[in-house]
Amino acid sequence: LWDSQTGQPLFLPVGHPRHSQVLALSRDSGRMVIRSEGGTLELWDRILGHMRAPLAPGAADEGSAGAHANQPEVPVVFSPNGRRVATGGLDGIVRLWDGRTGQSLLSLKGHRGRILAVTWSPDSAFVMTGGSDGAVRIWRSHIDRYPRPLDGHQNEITTMSWSPDGSRLLTASRDGTARIWAAATGEQLQAIDGPRRSIDSAFF
């Protein structure tokens, strides 16, 4: 990991094999989530250069085995306030973790396929998720209950974004369309026809 201004390394190399990956960084750059060569997710202290905790679902978490391991891409996002980490699994479960200790907090179930995209609202109160089932879901970050659905896409969700003021949502899909939604109600405000092929990036 390198300083974008000076080009200097930010910390000494961590004790991992060469195939480990940094998947997410907290806004204050003090913590990061690493996927080790074995496929496990780990919360690391960037400043001290050591692991705080593995992000390992508890034994009672149904479907936890292999939820993150050996996936080519795993959506991992720190909340803007740094207090939570959200991860998406192959099993369709969104997991929330304590962003400081790595403790497992919630398992959110509402998708019928792999989670492909996860993003937080600007105030860290909500999590928006998109899956291979073409569905978008909005969850409260502290309540385990069925989420607000945003239905309309016909293929995998590829990317999502909140507007800076948190009032609108932007989703895009492999179906070649993007859609704008009202965050408060889930009402679709606009459908945007794209290039008739997958849209891989869309943002406010």
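Numerical summary
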| read-out | value |
| --- | --- |
| Total charge dipole magnitude, the chain, about the Cα centre, Cβ charges on Lys, Arg, Asp, Glu only, Debye to nearest 20 | 120 debye |
| Segment SER124-ASP98, length gained on full extension (0.36 nm per residue, minus Cα span) | 8.1 nm |
| Globularity index of the chain, i.e. its alpha-carbon radius of gyration over 2.2 N^0.38 Å | 1.03 |
| Accessible area in square angstrom per residue, the range 73-129, 1.4 angstrom probe | 35 Å² |
| Sequence-separation-based contact order of the chain, relative, with Cα cut under 8 Å and 6+ spacing, percent | 11 percent |
| Sulfur and carbon atoms: percent of accessible area, the chain [1.4 Å] | 49 percent |
| Summed side-chain charge close to ARG27 - residues other than ARG27 whose Cβ falls under 14 Å, Lys, Arg +1, Asp, Glu -1 | +3 |
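The values are calculated or read from the model by the stated rules, or taken from the named source; none is laboratory data. Since the model is a prediction, treat every value here as computed from it, not as a measurement. Neighbour counts run over all protein chains shown; Cβ positions are idealised from the backbone, glycine included. To get the accessible areas, we keep the full protein, side chains included, count just its heavy atoms, and leave off ligands, DNA and RNA. Shrake-Rupley method; radii C 1.70, N 1.55, O 1.52, S 1.80 Å.
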